[in-house]
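Colleague: Have a look at the structure that comes next, please.
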Amino acid sequence: MRTPAEIEAMRPAGKFVAEVLTALAAASDVGVNLLELDALAHRMIRERGAESCYIDYHPSFGAMPFGKVLCTSVNDAALHGLPFDYELQDGDLVSLDFAASVDGWVADSALSLVVGTPRQEDLDLIELVETALKAGIAAAVAGNKMGDVSAAIGAVARSAGLGINTDFGGHGVGHTMHGDPHVPNDGRAGRGYPLKPGLVFAIEPWFMLGTDEIYTDPDGWTLRSVDGSRAAHVEHTIAITKSGPIVLTARD
Ligand code: MG
C-alpha cells in the first residue's frame, strides 16, 4: 500500500507517460516508421531524465532484452509489439504501450488508434476496450474486490461477443513496472484481492476481434492473434484513494 504522500510522488511519472503517449499519438500517421515513434519516446525520456522500463526488460517469456522503449502493436499484434522497420499503412490499427520511471516511480499506460482511413470495425473495437477500461476503473474502489474490476472488463467484451484471453492483464505498479496484484481481464465479481486505499495498479483491457488465442512472433516478443484478426489495447495506472480512483496517467 502507498501512503497519500507516495501517491502524490507518483503523479510526475503518470503525467510524463501521458505526455509521451499524447506526443506519440500526434506523431502517428501513414508513412511514419515504428522506429521513429520509438526514437521520439526515447528522446523524451532523455530530455525528462526519466528511465525506460522496457529497454532492459527481460522476463521469463522474453527471448532477449526488449531493446526499445515503446511497444508498437500493429493490426494482428495484440501486445508487446517490438518496434521494427515498418512504415504505417493507411488504415493500420496501432496500439502504443509505454512505461517509464520518474524519480523512482513507474507509470504504465497504453492507447490504440487508427492511422489514415479507419475501418468502422476497428473504431468499434477501440471504443470497446476504452469502455472496458472505464468500467474497470469505475469498479476500482475501496471495499470492492479485484474480481469486481475483472468482471466489469470481461462483461464489456462479452457484450460484444468477444472472447477474452486472460494470459496477460493488469498488474501492481510501484518502484518497478510489474508487481502484485494481478488484474485479470475477466473474473468473478466479489472475489479476489481486496481493494484498499493506497493500492496502485495498471488496468489494461486488450481484446481481439476474432480468436482469443495468441502466438509469439519470431521476433521473440510480439504477441499476435492466431487468426490474424485485429486487436486493441488501452491501459491506465490508477491509485485507489478514500475518495475514489485517481487516474495517474490521465491525458488532457
Ligand atoms: Mg503497459
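Colleague: (1) touching a Leu at 6+ places or on another chain (Cβ under 8 Å); (2) open to solvent by 10 Å² or more (accessible area, probe 1.4 Å); (3) assigned to a helix (DSSP H, G or I); (4) not small (Gly, Ala, Ser): which one isn't true of Val30, the others all being true?
Modeller: Only one criterion is unmet by Val30, namely (3).
Colleague: Regarding Glu87, is this residue charged (D, E, K, R), within 17 Å of the chain's Cα centre (by Cα) and within 21 Å of Arg230 (Cα to Cα)?
Modeller: Judged against the criteria, Glu87 is not a match.
Colleague: From the list Asp76, Asp85, exactly one residue is more than 15 Å from the ligand (Cβ to nearest atom) and touching a helix residue (DSSP H, G or I) at 6+ places or on another chain (Cβ under 7 Å). Which is it?
Modeller: Every option except Asp85 fails the conditions.
Colleague: From the list Ala107, Ala99, exactly one residue is in contact with a Leu (Cβ under 8 Å, 6 or more places away or on another chain), in a strand (DSSP E or B) and within 14 Å of the ligand (Cβ to nearest atom). Which is it?
Modeller: Ala107
Colleague: Check whether at least one residue in segment 128-140 is open to solvent by less than 10 Å² (accessible area, probe 1.4 Å) and out of contact with any Pro (no Cβ under 8 Å at 6 or more places or on another chain), and report yes or no.
Modeller: Within segment 128-140, not a single residue is open to solvent by less than 10 Å² (accessible area, probe 1.4 Å) and out of contact with any Pro (no Cβ under 8 Å at 6 or more places or on another chain).
Colleague: Identify, from the list Ile164, Ile153, the residue that is more than 22 Å from Leu70 (Cα to Cα), open to solvent by less than 10 Å² (accessible area, probe 1.4 Å) and without any contact (Cβ under 8 Å) to a residue 60 or more places away in the chain.
Modeller: It is Ile153.
Colleague: If the requirement is being modelled with pLDDT of 95 or more and part of a loop (DSSP other than H, G, I, E, B), which of these qualifies: Val141, Val129, Val149, Val156?
Modeller: When all the criteria are applied, what remains is Val141.
Colleague: Here's a follow-up. Got a number for residues in segment 217-228 being out of contact with any Phe, Trp or Tyr (no Cβ under 8 Å at 6 or more places or on another chain) and either open to solvent by 20 Å² or more (accessible area, probe 1.4 Å) or among the basic types (Lys, Arg) (or both)?
Modeller: 4
Colleague: Just checking, how many residues over segment 176-189 are assigned to a loop (DSSP other than H, G, I, E, B), at pLDDT below 95 and open to solvent by 20 Å² or more (accessible area, probe 1.4 Å)?
Modeller: Residues flagged as assigned to a loop (DSSP other than H, G, I, E, B), at pLDDT below 95 and open to solvent by 20 Å² or more (accessible area, probe 1.4 Å) within segment 176-189 amount to 2.
Colleague: If you take the residues in segment 191-213 that are more than 16 Å from the ligand (Cβ to nearest atom) and part of a strand (DSSP E or B), which one is least open to solvent (accessible area, probe 1.4 Å)?
Modeller: The residue in question is Met208.
Colleague: Kindly indicate whether Arg224 is touching a residue at least 60 places away in the same chain (Cβ under 8 Å), of a type in the set (D, E, K, R) and not in a loop (DSSP other than H, G, I, E, B).
Modeller: yes
The values are calculated or read from the model by the stated rules, or taken from the named source; none is laboratory data. For clarity, every value in this text was computed on a predicted model and none was experimentally measured. Note that each Cβ is placed from the backbone with ideal geometry, even for glycine, and that neighbours are counted across all protein chains shown. Accessible surface areas use protein heavy atoms only, side chains included; no ligands, DNA or RNA. Shrake-Rupley method; radii C 1.70, N 1.55, O 1.52, S 1.80 Å.
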